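Nothing in this text is a laboratory measurement; each read-out follows from the coordinates by a stated rule. Since this is a predicted model, take the numbers as computed values, not measurements. Here the Cβ is made from the backbone with ideal geometry for all residues, glycine too, and neighbour counts use every protein chain on show.
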Amino acid sequence: MTFLFYMLSAIMIISALLVVFSTNPINSVIYLIICFIAMAGHYILLNAQFLAVVHIIVYTGAIMVLFLFVIMLLNLNKAIIPQKSQLTRISAVVTGGLFFLVVLAATRQTFEIHPRYPFTGDIGLVKEVGKALFHEFLLPFEMSSVLFISAMVGAVMFGKKDN
Amino acid sequence: MVLLSFVFTAVLFFSLRSSGSVSATVTLFNWISIGGMNIPFAFLIDHLSLTMMLIITGVGALIHIYSIGYMHDDERVNSFFAQMNLFTFSMLLLVMGANYLVLFIGWEGVGLCSYLLIGFWFKNPAFNYAARKAFVMNRIGDLGFILGIILIFFTFKTVTFSEVFTQASTLSSGTTAITLITLFLLIGALGKSAQIPLFTWLPDAMAGPTPVSALIHAATMVTAGIYMIARSSILYNLAPITLNIIIIIGSATAIMAAITGLKQNDIKKVLAYSTVSQLGYMFIALGLGAYSTAVFHLTTHAFFKALLFLGAGSVIHAMSGEQDIRKMGGLRKKMPLTYFTFLAATLAISGIPPFSGFFSKDLILNQAFEHSILIYILALAGALLTCFYMFRLLYLVFFGDQRLDGAHPHESPGVMTIPLMILAVLSVFGGFLNIPSLFGGNSNFSTFLQTAVFSKTTEGLSMTTEIVLTLVPLSLISLVILFAYRTFVKKAVIPASDEASMSWIGKIIFNKFYFDEIYIFAFEKPFGFLSGFLFHKVENTVLDPAVDGIGKATSRLGSLIRKLQQGNMSFYLFAMVAGILLFIVFILIV
Amino acid sequence: MKEISSAIQIIPLDSYIMLSVALFSIGLMGVLFRRNIIAVLMCLELMFNSANLLLTAFSSYHSDPAGQVFVFFIMIVAAAEVAVGLSIVVMMKRNVESVDINLLNRLKW
């Protein structure tokens, strides 16, 4: 169990780093898909099967395919864009590292967490999540459809050719 | 319009009279209400303000009618009447205000109108200078007035007349606060009513059109100071020091202006100095605590001095703008109406019974005699001098031969002479308003004012003294008239031209005691030097670079900051992350 | 099944926190690192997912399904965001013939 966790974590972090450092966008997308699949594994490990399935469908199946489509349609698969300057890249890495340290330090100092409810293993099942979604969060769920419509309209607006 | 308001005032007068009430206060709205300060915009109508309103609207209406004839061919006749009406409005505001602040609005309003009307013919730079001088002199007085109002507020926590007076009557006489207040108010009155040392603007103010001189600088505005002191009579009664100062200033002004008037050759200048001198009389009366007498003299003076000015205007009109009396003469035949009205006014101002000036002047002289012989002698001398220069003016203008070739004097049209005649009637009979008990009267006017102003009680003189006091000036005045007649009619002496050499006393008098020159030396030169110094040294070397430096620093800072705003998205991202980092670190540390 | 469902009891919560902070930092670094706007968008997705992972971990730890519902909503928002973001990329490519974010310097106006 612990081994599985570390395994998945290692895959995630390595692929995430490769997403950042690979020069070809296509490769980035592939590594990101790997990263997301590893994350789905994490969800299953956390006993959130519903989320794991939705994650695979939405991210890997829809969003990343959309990325791939755009890259291929716009013919961006070559590393035509020059990298940022050396200084900027180093400072970006330093900033990321600093951020990691600082946030970690923050969580270490301030958090003292105890479970709120007695442990049950089935909160991540479709039944439990569905109950919560359609009882407490029914209104936000319906509102999300409005968000989608507006996003769709916006996407069409932007994607339309100017006359 | 002014006529209409006169009718309204008259109606008001009789209604107040018949109702028997003492005063009425009309509060329009609460004007200023800050913290403990509460100043309503209110009008107070009592016997004093009613008297003033009657003078302002009555004399004002006559002068307006006169102006129709006098100004009819001026191109800016519309703005002339607009300004005259604004003046009347401000003056009414001044006398009707129920507190010092409303009074002050009117006070400033008449000052402004005076400035506008003196400089009415603004194309002449000398007239503009005169207007400016009047304004500046008035401002000096106004400053004193403002200080007085502030002090009143500090002392009594209110500026409403009735409340101030109620509180003041509980104070003891000679308190420092009261003395200061009265002194400051006095400075305001000095400026407005053209007394030493702030009188030099009034003769120069004659640059304005003659109706303006009649309305503003003889009948109404210059009397605002008198009105204000009479209004504050309770305060002044409590400040004997101020009263003494008023007497000194009043008598000095009366004498000095009268002496100066002897040597003037401009018809309006003579009248201006005569106004200053008569105002000095009123101040003497005020200083003696005889407020109602002062207001009475104010009333009669308004009649005969307005008449004199209007008559002078008629003469100037006839002489096509000539104002030098040496060039006039023999106008008696050509302008009989003007002559007779002018004569009536001259007799009135000289104090010949039964003309109005006799009663008011006699009252003042009597009260001066009661106070001290010295003031009496000064006032009497002033009266004699007044008499002399007025008759000199009269003889030079209307008697003798015509001295200006090519002029065709003619009588003024009816629209100008009718107001003259009405005023003449008033000048002749105005004095009967207040016949002293000596002549079987009952001092109606003083009794009428009793409720509004609080004159000091006098012991009253014995009958014989009063008779002597009446006869002595009369005989002296007759002598003076005779002397003037001999000099200017029999011998036909014409004053020397400006260039002729004269004795040093004559020079001093001719140059108006060098007051203007003293002022220029004492105030203008140092101020000119100071402003020059400030401009060259302080302005150019300190202030200008400082102000420029602020501008330069801002633009430099702007160009510095502009480098941050290049629209470079990755830079923005870095900045954002750095901000977040700093924020978290800040939370961790604190 | 029983074995899996108790993973959160074996693995400490700290490990999940550290993992998601690491992922988030990597995503942040990528946003600062790359000039290709599509890569920047992908790094944004990484950051979203690190937040998702942490939410799920907390949800399991507390046995409260609300956290997982929030993850669901975040996925909805991310989908909408990607749709709009990619259409912006398409428009940008069409207008300036590039997907370099350094060319998007019109923000200064």
Exercise. Which order do B:201, B:107, B:121 fall in if you start with the one that has the fewest other Cβ atoms within 10 Å?
Worked result: B:121, B:201, B:107
Exercise. For chain A, what mean projected area does the convex hull of the alpha carbons give, in nm²?
Worked result: 14.1
Problem set entry | Relative contact order of segment C:2-107, defined on C-alpha pairs under 8 angstrom at six or more residues apart (%) | 27
For this session: For each of B:71, B:335, A:12, count neighbouring Cβ atoms within 10 Å of the residue's Cβ, then give the residues from fewest to most.
Result: B:71, B:335, A:12
Exercise. If you project the alpha carbons of segment B:518-589 onto their three principal axes, what span does each projection cover, largest first, in Å?
Worked result: 76, 31, 15
Seminar exercise, completed: Neighbour-count ranking for C:10, A:34 (other C-beta within 10 angstrom, fewest to most) reads C:10, A:34
Exercise. What is the extension gain from residue B:68 to residue B:563, computed as 0.36 nm multiplied by their sequence separation minus the C-alpha to C-alpha distance, in nm to one decimal?
Worked result: 171.0 nm
For this session: Using Cα pairs closer than 8 Å and at least 6 residues apart in sequence, work out the relative contact order for chain A, in percent.
Result: 21
For this session: Could you sort out which of B:133/B:305; B:269/B:333; B:123/B:268; B:268/B:525; B:269/B:334; A:160/C:93 sit more than 18 Å apart by Cα distance in this structure?
Result: B:133/B:305; B:269/B:333; B:123/B:268; B:268/B:525; B:269/B:334
For this session: Would you tell me the mean number of C-beta atoms belonging to other protein chains that fall within 10 Å of each C-beta in B:569-578, as a whole number?
Result: 6
Problem set entry | Relative contact order of segment B:95-164, defined on C-alpha pairs under 8 angstrom at six or more residues apart (%) | 34
For this session: Provide the FRET efficiency to the nearest 0.05 for the residue A:156-residue A:109 pair, computing r from the beta carbons and using R0 = 56 Å.
Result: 0.75
For this session: Over all alpha-carbon pairs in segment C:2-107, figure out the percentage whose distance exceeds 21 Å.
Result: 48
Seminar exercise, completed: Each label sits 7 Å from Cα toward the beta-carbon; between residue A:116 and residue B:170 the label points are separated, in nm, by 7.1
Exercise. Across chain A, where is the longest run that never hits trypsin sites (Lys or Arg not before Pro) in a DSSP loop with at most 11 other C-beta atoms within 10 Å?
Worked result: A:1-77
Problem set entry | Förster-model FRET efficiency, 41 Å R0, residue B:322 and residue B:79, C-beta, rounded to 0.05 | 0.95
Exercise. How far apart, in nm, are the 7 Å Cα→Cβ label points at residue B:464 and residue B:539?
Worked result: 7.2
For this session: Measure off 7 Å from each Cα along the Cα-to-Cβ vector at residue A:14 and residue A:86, then give the distance between these two points in nanometres to one decimal.
Result: 2.9
Exercise. Taking the alpha-carbon centroid of each part, what is the distance from segment B:271-349 to segment A:1-30 in angstrom?
Worked result: 112
Exercise. What residues of segment A:117-152 lie in the reach of a label at residue A:53, counting those whose backbone N is under 17 Å from a point 7 Å from the Cα along Cα→Cβ?
Worked result: A:122-134
For this session: Take the alpha carbon atoms of segment B:72-114, find their radius of gyration, then divide it by 2.2 N^0.38 Å using N residues; give the quotient.
Result: 1.33
